Structure formats: C-alpha cells, structure tokens
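Structure record follows, encoded as structure tokens.
The values are calculated or read from the model by the stated rules, or taken from the named source; none is laboratory data. This is a predicted model, so every value here is computed, not measured. We place every Cβ from the backbone using ideal geometry, glycine too, and count neighbours over all the protein chains shown. Please note that ligands, DNA and RNA were not included when accessible areas were found on the heavy atoms of the full protein model with its side chains. Shrake-Rupley method; radii C 1.70, N 1.55, O 1.52, S 1.80 Å.
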Amino acid sequence: MSKKEVIIEAAIKLFAQKSFKGASTAELSAMTHVAEGTIFYHFKTKEELLIKVLERIKEEILEEFQHYGTGDLPQSGLEKMEEAMGFYLYLAGKYEDRFLLLHRRYLYELAEVNSTCRQYLIDIYDCLVDIFEQAILAGQKDGTILDVPARKTALLLFTMVDGLVRFRNYNLYDSAALFPELISASRRMLGKERAT
C-alpha cells in the first residue's frame, strides 16, 4: 500500500473516532509513521484529505453496490426491499468507521460551503437510496407493493434503516433486535403486510 493510501485509511479511522475538527495531522502522522510534511505533500490541506476520504468511501460503496443483488433467485419487490434493508445494515457493519464518519456533523457543515464535499455525500447516499427505490418499483410492478411515491418512500425507509445504524454506532440501542420491527413497519408502510 502506498503512503498516500496508508494516510487515507488512517484518516478514515481518525476522523471517524475523533471527528474531522478533533483530529490533528500530528495524530495522523503518529498513526501512519509518516511525517506531517509528507501528509501535506500528498494532500495540500486537511480538507483536501477529507475530500479524498469521501471519494474512497464512495468508491467502496459503489463497488459493493455492483455486487449487490447479483443472486439468481427470483424475488418479489417486497423481498428485494427487505434484502436492501439488510444490505444497508451489512454495509454499515462491514465499513463501521466509514459510516461513523458519514454521520459526523462537520461533513454536512462543510457540504454547505464546499460543492465537492456536497456532491460526494449526495453520490454516496443516492446509490444507497437507489437500491430501495428499485425494490419499490419492482414491487409495484409485481403487485407486492402498493402505488406509493417510489423515491420519497425509499428515502423514508432508508432514513429508518440509517437510524438503526446510528443507534448501533453510538451504542444507544441494540439495533439488531429492532430489525424485525423495521421489516414489519416497512411492510405496513408499503401496504402489503404479510401474515406471519
């Protein structure tokens, strides 16, 4: 792994743990055993490093997205929605530091003034919400989901799942224990509650 890659990986962990504002380049230097001057050689500013971190997170999520749903078992749209919720929880577990970082307030403050940051955040969340929307559209086509506004409903369902991820990341509640209720609530929301 190149020094640049080592710096990005360490920055993900450090920014997730301490926040962007709370992390210093001196700490990053100590973590990576790379001189601060080398860090600034690769990334002119700490903010530029953060943008590269977001770029990496986006690439990783898109890579996972490419492999998502490649199974050959036929599924209803409702089953795809349930799988999408599970997929999001899987991603958040696999990339815990990345999702903890994505939930840091500073990113959204920066996105208000930095269009590149804003676009990366939009791209990251769009690819995830797209999975939910495609499942809803498939369910409407096969009759397992009622005619609801697909994008808005996808955003609402995504928000519910993302809330569970936040609970888990901040150790507030046992999010895994809430998953069955999430599935049940989503079925009611989509209008096709199944008898269990």
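Could you size up the charge dipole of the chain around its Cα centre, putting +1 on the beta carbon of Lys and Arg and -1 on that of Asp and Glu, and report it in debye to the nearest 20?
460 debye
Carbon and sulfur atoms: what percent of the 1.4 Å accessible area of segment 1-156 do they account for?
Looking at segment 1-156 in its full context, I get 53 percent from C and S.
Taking 7 Å along the Cα-to-C-beta vector as the label spot, tell me the Tyr90-Glu36 distance in nanometres, rounded to one decimal.
Here the answer is 4.3 nm between the modelled labels.
Could you do me a favour and compute the accessible area per residue for segment 33-119, 1.4 Å probe, result in Å²?
Per-residue accessible area for segment 33-119 comes out at 54 Å².
Which FRET efficiency value, to the nearest 0.05, is calculated for Arg188 and His103 with the Förster distance at 41 angstrom and r the Cβ-Cβ distance?
0.95
Among Ala84, His67, Gly143, whose Cα sits farthest toward the positive end of the charge dipole of the chain (+1 at Cβ of Lys/Arg, -1 at Cβ of Asp/Glu, about the Cα centre)?
Highest projection toward the positive end goes to Ala84.
I need the Debye-formula profile for segment 69-196: one equal scatterer per C-alpha, no solvent, reported as log10 I(q)/I(0) at q = 0.10, 0.16, 0.19, 0.23 1/Å, two decimals.
Taken in order of the listed q values, log10 I(q)/I(0) reads -0.34, -0.84, -1.10, -1.38.
What does the charge count around Phe99 come to, taking other residues whose C-beta lies under 14 Å from its C-beta (Lys +1, Arg +1, Asp -1, Glu -1)?
Charge balance in the 14 Å sphere: +3.
Relative contact order of segment 134-196, please, whole-number percent, based on alpha carbon pairs below 8 angstrom and at least 6 residues apart.
That works out to 32 percent.
Under 1.5 on a/c is rounded, so check that first for segment 113-188, then, if it is not, pick prolate when a/b is larger than b/c and oblate when it is not; a ≥ b ≥ c are the square roots of the alpha carbon gyration tensor eigenvalues.
oblate
At a threshold of 8 angstrom on Cα-Cα distance, excluding pairs fewer than six apart, so keeping six or more, what relative contact order does the chain reach in percent?
That works out to 22 percent.
Using the charge dipole of the chain (Lys, Arg: +1 at Cβ; Asp, Glu: -1 at Cβ; taken about the Cα centre), state which of Leu107, Gly22, Ile7 has its Cα farthest towards the positive end.
Most positive-ward Cα: Gly22.
Please tell me which of these pairs span more than 22 angstrom C-alpha to C-alpha: Lys52/Lys152; Lys18/Lys94; Lys4/Lys52?
Lys52/Lys152
Could you tell me the accessible area of Phe40 in Å² (1.4 Å probe, neighbours in place), rounded to the nearest ten?
80 Å²
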